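Q: First the structure, which I've put down as structure tokens, then a few questions once you've had a look.
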Amino acid sequence: MQDLNLEHVPPPPPRKDYRIGMIGAGFIVRDVQLVAYANARYNVRAIASANPEQARAVAAHHGIPKVYDTWRELAADPSIEVVDLAVPPGEQPAILKELPRIGPQLKGVLAQKPLALNYAQSKEAVQAFDGSGITLSVNQNMRYDQSIRALKSLLTRGRLGEPVLATIEMRAIPHWQPWSRDYGRLTLLIMSIHHLDAFRYLFGDPESVYVSVRTDPRTKFPHRDGIPLYILEYASGLRASAWDDVWAGPAREGAASDIYIKWRVEGTEGMAWGTIGWPSYPNATPSTIHFTTTREPGVWFSPQWKEVWFPDAFEGTMGQLLTAITTGAEPAVTARDNLRTMALVEACYRSIDEHRPVSLKEIMSE
């Protein structure tokens, strides 16, 4: 009989009382992370932002006792044990480089993804923590989407056999933050990084990636990677492909909309497909999974749950860091591992520039 307990929710951390300081007070902090942390009963004690008034408003809304005018003041507070860093990727590396010096009492830091604008900046930021005794992890939250975790369980248990083909199809219209206008890198860096990291989480590192892009008709500021299509090539023969369609038709211009994210994995002994509930946010729509195996011919299994990616997955990203601090083990999402995701993003941009497949080794050897 098929085991439908696919561990779609991670176990809670053994300790939840670490004193957390938030650096950043934007949407993702206010409406997602702090909601998840309150649900999980994590101990958020302080907040700081480049906009102190915004930080005070978020603190008042969520009952955070301390508000600092600068992130340096927060990091230097001897009572703060964990920093959650949620700032734009263009600003994050400079803060990460200083944190070990300003906050030597810190036990852990959870950084946002992407770590930086490119691989070289990310590598420098991660190296700043070498020898510091501070655990650095990265908020790759799609790894904690419930359907992706359930799929990982199926793969780990061998229910699908050897993976043959994996796809992600995104038809969704993001709200680009103002800071995204200035980077020259758009969908691959900000949106596709979820899917590239999810492929790495599920299948490991690909040998190479090939990317084709075009601009998005709706996005008016200068950009080149509006709509990317990419193929990851694995040594095993597996091919993983995604198309990240941020245009999704003229849904904002008067036509009917068809917004969704779907994924599918075909193996030698089974197949699974599912949907990601995030495009329905703020409506709480759970992600889904459906799978079939040759061991039970002709049967589809469809376990269900009530949890959703936004905000519930963010309990997991902070929780895995708190678990690592408590146990002394590496976090589930290490900064060193995340450098490989940033290398994959960098390889995507080089593939665009040079119209060829680009390997991770090529990027990481530089």
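Read-outs throughout are calculated quantities, based only on the coordinates presented, and are distinct from any laboratory measurement. Being a predicted model, the structure only gives us computed values, none of them experimental. Here the Cβ is made from the backbone with ideal geometry for all residues, glycine too, and neighbour counts use every protein chain on show.
Q: What FRET efficiency comes out for Ala94 versus Glu366 if R0 is 22 angstrom and r is the Cβ-Cβ distance? Round to the nearest 0.05.
A: 0.50
Q: Across the chain, how large is the tail of the calculated P(r) beyond 38 Å, expressed as a percent of all Cα pairs?
A: 16
Q: Also, I was wondering about something else. Tell me, how many Å apart are the Cα centres for the range 204-229 and for the range 292-366?
A: So the two Cα centres are separated by 19 Å.
Q: So for the chain: antiparallel DSSP bridges make up what percent, rounded to the nearest 5?
A: The antiparallel proportion sits near 55 percent.
Q: Given contacts defined as C-alpha pairs under 8 Å and at least six residues apart, what's the relative contact order of the range 94-189, whole-number percent?
A: With pairs under 8 Å counted, the relative contact order is 28 percent.
Q: For the chain, find the longest principal axis of its Cα atoms and tell me its angle to the long axis of helix 335-354, 0 to 90°, nearest 10.
A: Long axis of 335-354 versus the principal axis of the chain: about 60 degrees.
Q: Can I ask one more? Set the Förster radius R0 to 45 Å, insert the Cβ-Cβ distance between Arg214 and Ala235 as r into 1/(1 + (r/R0)^6), and round the FRET efficiency to 0.05.
A: About 0.90, to the nearest 0.05.
Q: Please rank Ile261, Ile23, Ile325, Ile231, fewest neighbouring Cβ atoms within 10 Å first, as an exposure proxy.
A: Ile231, Ile325, Ile261, Ile23
Q: Quick check: the angle from helix 52-62's long axis to the longest principal axis of the chain, C-alpha only, nearest 10 degrees?
A: It works out to around 70 degrees.
Q: For the residue pair Asn283 and Ile259, what label-to-label distance in nm results when each label sits 7 Å from Cα along the Cα-to-beta-carbon direction?
A: About 0.9 nm, to one decimal.
Q: How much net charge surrounds Gly24 when only the other residues with a Cβ under 10 Å from the Cβ of Gly24 are counted, with Lys and Arg +1 and Asp and Glu -1?
A: Residues near Gly24 contribute -1 overall.
Q: At a 10 Å Cβ-Cβ cut-off, how would you order Asp225, Asp17, Asp77, fewest neighbours first?
A: Neighbour counts put them in this order, fewest first: Asp17, Asp77, Asp225.
Q: On a 0 to 90° scale, report how tilted helix 92-102 is relative to the longest principal axis of the chain, with both axes built from alpha carbons and the result rounded to the nearest 10.
A: Approximately 40 degrees, to the nearest 10.
Q: Next question, about the same structure. Expected output is a single nm value to one decimal: the length gained when fully extending between Phe221 and His175, i.e. 0.36 nm times separation in residues minus the C-alpha distance. What is it?
A: Once the chain is fully extended between Phe221 and His175, it gains 15.2 nm.
Q: Per DSSP H run of n ≥ 4, the term is -39500 (n - 2.57); total these for the chain, divide by its residue number, and report the mean residue ellipticity at 222 nm rounded to 500 deg cm²/dmol.
A: When only DSSP H runs of four or more count, the value is -8500 deg cm²/dmol.
Q: Ranked by Cβ crowding within 10 angstrom, fewest neighbours first, how are Glu169, Glu366 ordered?
A: The order, fewest Cβ neighbours first, is Glu366, Glu169.
Q: What would the Debye formula give as log10 I(q)/I(0) at q = 0.21 Å⁻¹ for the alpha-carbon point model of the range 273-366, no solvent?
A: -0.97
Q: With an 8 Å Cα cut-off and a minimum separation of 6 or more residues, compute the relative contact order for the range 189-275 in percent.
A: With pairs under 8 Å counted, the relative contact order is 19 percent.
Q: Over the chain, calculate the relative contact order: mean separation of alpha carbon pairs under 8 Å at least 6 apart, over the residue count, as a percent.
A: Across the chain, relative contact order equals 19 percent.
Q: Can you list the lysines whose alpha carbon sits under 26 Å from that of Lys220, skipping same-chain ones fewer than 8 residues off?
A: Candidates past the 8-residue exclusion: Lys113.
Q: What net charge do the residues around Ile168 carry, taking every other residue with its C-beta under 12 Å from that of Ile168, with Lys and Arg at +1 and Asp and Glu at -1?
A: -2
Q: Next question. Using the Kirkwood radius over Cα pairs, work out the Stokes-Einstein diffusion coefficient for the range 1-138 at 20 °C and 1.002 mPa s, in µm²/s as a whole number.
A: Rounded, D is 137 µm²/s.
Q: What does the charge count near Arg252 come to, summing +1 for each Lys or Arg and -1 for each Asp or Glu among other residues with Cβ under 12 Å from its Cβ?
A: -1
Q: What's the magnitude of the charge dipole for the range 1-145 around its Cα centre, counting Lys and Arg as +1 and Asp and Glu as -1 at the beta-carbon? Answer in Debye, nearest 20.
A: About 220 debye.
Q: So, R0 is 22 Å and r is the distance between the beta-carbons of Arg41 and Ala329; what FRET efficiency does that work out to, to 0.05?
A: According to the calculation, E is roughly 0.50.
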